[in-house]
Amino acid sequence: MDLRNVAIIAHVDHGKTTLVDNLLRQAGAFRANQQVAERALDRNDLERERGITILAKCTAVSWRGARINIVDTPGHADFGGEVERILSMVDGAIVLVDAAEGVLPQTKFVVGKALARGLRPIVVINKVDRGDARPHEVHEEVFDLFAALGADEAQLDFPTLFASGRQGWADDSLEGPRRDLSALFELILRHVPPPGLDPEAPFALTATILEYDPYLGRILTGRVEQGRARVNMPVRVLRADGAVVETGRLTKLLAYRGLERVPVEEAEAGDIIAIAGLAQATVPDTIAAPEVAAALPAIPVDPPTLAMT
Ligand code: GDP
């Protein structure tokens, strides 16, 4: 499976939801049986009420046979290392910046964490259709931000696209052709490395996002760090200290397809999946085949910090 995992990072209102909607519309495989919701990532009512994106979510798009898992990253606050954990599932990041507003605090906060993790972001200067857009200046602001945050040479050499997420196009120059988002799809495939994890090792996954679903109960999302998850396989749930808090089976495996989670029989190292049916497992437990003796290394967690606003 040709796979990429990428985070999307933006200040609120810079157009993340609109861009992902249009990526889904233009992506191949999942479109046929799927209505793209009006606001793709903002599925949570509370969020809709407040007009912000709170929880991390995952959307998968398919492009020329490759699957791209796009993980939304909460921008405004970091409760106990959530941003780090989410960034630990991805090998690249799309930094989306409004061409008129420029760099704002939530961009800084999460970009700093992405750079610290060694990710090499793709920069999308968005909303260049705005009358007050100043794309070149904002491009420089992003460069200055990366430099101020201690980016290395490779990170400073970031590829940039100019885009209107709302009109559904992204190009590497302001001259156009302003046709579609294929330049962004292709850049993701070229610039973001595949996860490169070992599918032959015993299965292990770090639980990264916990949700409650009225029908399925606890749902844990995470990346398969090694091996393969198979439906009904026996697993153990390990705390960071190695304590086994639960033994059970993977009764329900879900993969991300478009905006939906669909049941699958199997998932391979590198893929981001959701697991239902475990009663005790929480974030950031390791869910693993019984022969895995120790929890996967935990992501170092800062004390909870609030982003500057
Ligand atoms: P999010 O908070 O980052 O998810 O931002 P949204 O996708 O909800 O967009 C915020 C606002 O910006 C909405 O009113 C959008 O219609 C508008 N918007 C999004 N993309 C574009 C764009 O490419 N150009 C312009 N002019 N407006 C946009």
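The values are calculated or read from the model by the stated rules, or taken from the named source; none is laboratory data. In this text the structure is predicted, and so the values were computed from the model without any measurement. As a convention, Cβ positions derive from the backbone with ideal geometry for all residues, glycine included, and neighbour counts pool all protein chains shown. SASA here: full protein model, heavy atoms, side chains in, ligands and nucleic acids out. Shrake-Rupley method; radii C 1.70, N 1.55, O 1.52, S 1.80 Å.
Quick one: in segment 95-124, which of the residues that are part of a helix (DSSP H, G or I) and without any contact (Cβ under 8 Å) to a residue 60 or more places away in the chain is farthest from the ligand (Cβ to nearest atom)?
First pass over segment 95-124, keeping only residues part of a helix (DSSP H, G or I): 105-116.
Adding the requirement that they be without any contact (Cβ under 8 Å) to a residue 60 or more places away in the chain leaves 112-113, 115-116.
Values: Gly112: 19, Lys113: 18, Leu115: 20, Ala116: 23 Å.
The selected residue is Ala116.
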Qualifying positions in segment 4-21 - more than 9 Å from the ligand (Cβ to nearest atom) and open to solvent by 10 Å² or more (accessible area, probe 1.4 Å): Arg4
Quick one: would you say Gly80 is modelled with pLDDT of 50 or more, surrounded by fewer than 19 Cβ atoms within 10 Å (Cβ to Cβ) and closer than 21 Å to Arg223 by Cβ? yes
First in segment 125-154 and touching a residue at least 40 places away in the same chain (Cβ under 8 Å) and over 24 Å from Leu181 (Cβ atoms), second anywhere and in a helix (DSSP H, G or I) and away from the ligand (no atom under 16 Å from the Cβ), Cβ under 6 Å, 6 or more apart: Leu149/Gly112; Leu149/Leu115
For segment 251-259, state whether one or more residues are in a strand (DSSP E or B), within 26 Å of Ala93 (Cβ to Cβ), at pLDDT 95 or above and open to solvent by less than 20 Å² (accessible area, probe 1.4 Å). no
Go through segment 220-270 and give me each residue that's in contact (Cβ under 8 Å) with a residue 60 or more places away in the chain and of a type in the set (D, E, K, R). Arg223, Glu225, Arg257, Glu260, Glu268
Yes or no: Arg166 at pLDDT 95 or above and within 16 Å of the ligand (Cβ to nearest atom)? yes
